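Written out below as structure tokens is the structure these notes cover.
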Amino acid sequence: MLNNLIWIPLLPLLGTLVPLFASRFSRSACAFLTAGLPALALILVFQNTSAVFDGEALFTSYEWIPIIGLELAFRLDGLALLFAILILGIGLLVILYARYYLSEKDSIGRFYSYLILFMFAMLGVVMSDNLLQMWMFWELTSISSFLLISFWGHKTEARKGARMALTITGAGGLALLGGILLIGEVVGSYNLYDVLNSGDLIREHTLYPVILVLVLAGAFTKSAQFPFHFWLPHAMAAPTPVSSYLHSATMVKAGIFLMARLYPVLSGTELWFLIVSLTGLATLLLGAYTALFKHDLKGLLAYSTVSHLGLITLLLGMGTELAAVAAIFHIINHATFKASLFMAAGIIDHESGSRDMRQLNGLWKYMPHTATLAMVAASSMAGIPLLNGFLSKEMFFAETLHQDSLGSLSWMVPVLATLGGVFSVAYSTRFIHDVFFNGEPINLPKTPHEPPRYMKVPVEILVALCLLVGVFPSLVIGDLLYTASSAALNGTPPEYSLAIWHGFNFPLLMSFLALAGGLIVYYNRKELFQFQAQFPDSDPKLVFEAVVQLLQRQATTFMALVENGSLQRYSYMMLSMSFAMMAWPLLDLNATTGLRPELPVDAISITGAVLLTIGAIATVVWHRERMAALLALSIVGLIVSLMFAKFSAPDLALTQLSVEVVTVILLMLALFFLPQQTPKESSPRRVVRDLGIAAMIGGVIGTICYALMTRPLDTISTFFLENSKTGGGGTNVVNVILVDFRGFDTLGEITVLGIAALGIFKLIARMRLYMPASDESGRPWTLDSHPMMLAVVSQSLLPLALLVSAYIFLRGHNMPGGGFIAGLITAVAIIQQYIAHGVNWVKPRMKIDYQILIGSGIFIAALTGLGSWAFDRPFLTSWFDHFHLPLVGEFELASAMMFDLGVYLTVIGATMLILANLGKLTTSERPVAMEEDD
Amino acid sequence: MEGIYAFCVGLLTACGIFLALRGRTFPVVIGLTLLSYAVNLFLFASGRLKVNAAAVLGQSEQYSDPLPQALVLTAIVIGFAMTAFVVILAMRSRADLGNDHVDGRLPNVQAQARLRNRKLRK
């Protein structure tokens, strides 16, 4: 469907950038420009209003990650419409208000940017048509709330409050994610349409309790329900526009929104009723009671918000459809009067310099205009007739009378609700009387006065709405409430009447009782305050901090235990883990020996095995006698290459042999720079432990190897054997695989080789080395470092070696050989010259830059691959043909040979770069090194 | 024959691991080299053992599996590059840190640090 839905959240997203650019202009211009895009979004919302009022829900969706059921999907139904209007409307008022609230020192661009980011996130939550997507926006609201609370980051309470809010709502968000994933598992889709129509499926599923608890954990933490309510009062460290926007009108309603959104799916069960209504009731009472004793103006309003959120939750928990309508009505009403009250509190704070009600008295004289506005809003909060708060509270009282889910104890609900109403009236009265009357101001930092004209405009608009809704409810709010309720109920809402006067009935009596009781309580507040003062003041912040610090300490202890900086410990742990993981499946393997017949044992093999065993064990035993260990190691390497030769892998044997030579040269060079003695420092216990784990893993690996070899082979190599000659033009299948079938792999491998060599080159550069002047027995090094015999022989061997390597290279495609082996042989031949003559002799005679050699090798190989593009073939498609020349006879040319040339050059370059640079360190050519004692 | 081969692989693994768990860099490098022999032999064995069956067309009656051989061939070469890298790293760490312990500091220094940590935590 083509509509402009996507732009409603998208415009604010773009709008986050506007204030950052606009902050260079005047503050008014910045506020004006910032408001532009959200205002446009609000117009878009209003454009779609009539369609939604006609009972139509608008959808738009784009594919995102279909494999996990994630899409970019937005919907605008009644509930989303209601919240979108609240978010954008109050948001615009808050932008105007914040322009006057923030001081010159505050970065207004940053503030607006965060605020609009939050607006975007919140719109995303309410308009999401996909649960996963909604969760993403949900988390974004937590993050933007964190940024806004900590806006005054120089204050401790701002930082702590922000951290607490993020921890609590973030943890709830994780629980919610769990719940959403489970819903997705049960329903098979995250799309809201599918989910909303699977109510019975979810409620009857065995996972329903888990889903419910997880989702409610998310909703309760976000909406500050008992026992997670304590973060909200601490979030009041935020600038007041934030408190009024996020922490009363919108974000804290996200949890309520979630419950309303999933109401058709999750509600209607005993469990839902018990958890939601009891939590709501507890929150309602606790919040209302605590609010009365708060001296801080914003603290009072914060706890009052907690209490009203509890009231809405209680309504949703009752499970009747009428209660849900009342809940939605109260969402609207609470947003209007509470946002205006926060703004009024902000004005008082701004113009008098204090929020403490023990100092604030008699402000009526100084700011009559603001006082009037605040008094109307506070009366609405108390539930005085002709104001919107009265209507929804009346509906709430009526609903408490009609429910009977608590059996014979049901009468307690209306009584407790009235009690909540009593305290609500009491703290509202306190807000009015204590601040605006009750004597004179005490020690205020500045003389209070009316705020700038336009700072009052947002408050005026909201208060006017309170009045309008209060007097003409069905005219002003009727349509919106009806569509929002039908969306929340996923059906037609029941009959209800929005009239002010319903005649003399029980709800009216309850309202009257609450009013009278509230005034009595407020009148006797001195005694109550004294009574309350007897209790130790338990600060949830301290408890929270203590828990966080305890967790941190335990984590540190645990980390110190596991991660003590010892590589040996880490290796040991990893090996133990891998041993467990390898050995476990072996228990299921019944027979070690498989069905494949074994090869006969011959004397040569046994000799080889014995030599290998001796070599390996000697390496271990002599590992502190480094030279001896190296010799023993080379025996092992030689036997390994003989094993390859024996078991029909001539290419491997050649490669292993030449690598063995360069490895031993490398290690001998390294020996020169490493300490000459390895101290004996392993305790016997550690030796036994290491021997144990080594033997166990060796045993397991040997077993797997044996089991593997004695089982029949089902290989894909038949393809390579069949196509090697016809498709790749070579008879040496191993080489054809390397340069043709799997050429792309090889290209990657020579690249790795080149990178490793370059990394080594960088490591060697500017290395400060200790060079011993003598061997470990104290004998000085020989003066004759380049014996003549070696020099002469190696020099005459060089052309021969190069010839051999060229031969090996050329025949590689059809016989054992190829670029890798030829490259290693060439490298060995050149190394020999370095050993025999020294770097100083070789350098002027062989002007090859090995880095360029590596680069050109990889370049040639890649170019060969790219060449096939010229013939419209995929990367690295090979080509070959046979030619005839006089004298030479018939020969074959293949593009794979070019590729192999690249391999050849890279191998030489890498090997030489490593060894020549290392060798250079031993000469006078090396960079200036500091002699240091070990 | 397979039994002997598997024994060799297991032995090389065990020796390699034991040395890799030592505290000084040189034995660790040697251990890793032994371990890479074992790994290469193991991978090679996944193509099963065959005698006189080089995978060169027209040279023998039957052919050994060429695929593991191709894999192991590049593994050997890259294994060399990695050994070289570890060796140079060991040298560099000795040059920069003044000792050749794998932790970058000597064990008695370590014990002192732990003692200091414990005090700090209190």
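The values are calculated or read from the model by the stated rules, or taken from the named source; none is laboratory data. All values derive from a computational prediction rather than experimental measurement. Cβ coordinates were reconstructed from backbone atoms using ideal geometry, including for glycine residues, and neighbour counts include every protein chain displayed. Side chains are part of the model used for accessible areas, which takes the heavy atoms of the whole protein and leaves out ligands, DNA and RNA. Shrake-Rupley method; radii C 1.70, N 1.55, O 1.52, S 1.80 Å.
What tally of residues in the stretch A:251-288 results from selecting those that are within 27 Å of residue A:425 (Cα to Cα) and not hydrophobic (A, V, I, L, M, F, W, C)? Of the residues in the stretch A:251-288, 7 are within 27 Å of residue A:425 (Cα to Cα) and not hydrophobic (A, V, I, L, M, F, W, C).
Which one of A:11, A:5 is assigned to a helix (DSSP H, G or I), within 20 Å of residue A:141 (Cβ to Cβ) and open to solvent by less than 40 Å² (accessible area, probe 1.4 Å)?
It is A:11.
Taken over the stretch A:766-779, the residue count meeting the criterion of being at the interface with chain B (Cβ under 7 Å from one of its Cβ atoms) and open to solvent by 80 Å² or more (accessible area, probe 1.4 Å) is 1. For the stretch A:619-663, taking the residues that are open to solvent by 30 Å² or more (accessible area, probe 1.4 Å) and basic (Lys, Arg), the one that is nearest to the chain's Cα centre (by Cα) is identified as A:624. Taken over the stretch A:633-644, the criterion of being in contact with a Gly (Cβ under 9 Å, 6 or more places away or on another chain) and more than 9 Å from chain B (Cβ to nearest Cβ) is satisfied by A:634, A:635, A:638, A:642.
Matching residues to (1) touching a residue at least 40 places away in the same chain (Cβ under 8 Å); (2) out of contact with any Gly (no Cβ under 8 Å at 6 or more places or on another chain):
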residue	(1), (2)
A:803	no, yes
A:816	yes, yes
A:823	yes, yes
A:839	yes, no
A:867	no, yes
A:870	no, yes
A:893	no, yes
A:896	yes, no
A:907	yes, no
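Taken over the stretch B:23-54, the criterion of being within 7 Å of chain A (Cβ to nearest Cβ), over 16 Å from residue A:643 (Cβ atoms) and free of Cβ contacts under 8 Å to residues at least 40 places away in the same chain is satisfied by B:27, B:30. Scanning the stretch A:81-138 for residues that are under 27 Å from the mean Cα position of the chain (by Cα) and acidic (Asp, Glu) gives a single hit, A:129. Scan the stretch A:174-206 for residues that are without any contact (Cβ under 8 Å) to a residue 40 or more places away in the chain, among the small types (Gly, Ala, Ser) and not in a helix (DSSP H, G or I) and the total you get is 1. Looking at A:675, A:679, can you tell me which residue is in contact with a strand residue (DSSP E or B) (Cβ under 9 Å, 6 or more places away or on another chain) and over 27 Å from residue A:917 (Cα atoms)? The unique qualifying residue is A:679. Among the residues of the stretch A:333-372, those that are open to solvent by less than 10 Å² (accessible area, probe 1.4 Å) and among the β-branched types (Val, Ile, Thr) comprise A:347, A:348, A:370. Can you confirm whether the stretch B:7-18 contains a residue that is open to solvent by 10 Å² or more (accessible area, probe 1.4 Å) and either more than 7 Å from chain A (Cβ to nearest Cβ) or out of contact with any helix residue (DSSP H, G or I) (no Cβ under 7 Å at 6 or more places or on another chain) (or both)? Within the stretch B:7-18, none of the residues are open to solvent by 10 Å² or more (accessible area, probe 1.4 Å) and either more than 7 Å from chain A (Cβ to nearest Cβ) or out of contact with any helix residue (DSSP H, G or I) (no Cβ under 7 Å at 6 or more places or on another chain) (or both).
Here residue A:555 meets the list (1) within 13 Å of chain B (Cβ to nearest Cβ); (2) surrounded by 13 or more Cβ atoms within 10 Å (Cβ to Cβ); (3) not polar (S, T, N, Q) almost entirely, failing just condition (2).
Does the stretch A:681-689 contain any residue that is more than 7 Å from chain B (Cβ to nearest Cβ), in a helix (DSSP H, G or I) and open to solvent by less than 30 Å² (accessible area, probe 1.4 Å)?
no
Comparison of A:738, A:747, A:763, A:753 shows that the only residue that is at pLDDT 90 or above, within 8 Å of another protein chain (Cβ to nearest Cβ), part of a helix (DSSP H, G or I) and more than 30 Å from residue A:593 (Cβ to Cβ) is A:753.
Entry remark, the stretch B:61-92: residues being more than 7 Å from chain A (Cβ to nearest Cβ) and open to solvent by 30 Å² or more (accessible area, probe 1.4 Å) number 5 in total. With respect to the conditions (1) open to solvent by 70 Å² or more (accessible area, probe 1.4 Å); (2) more than 21 Å from residue A:339 (Cβ to Cβ), residue A:46 falls short on a single one, namely (2).
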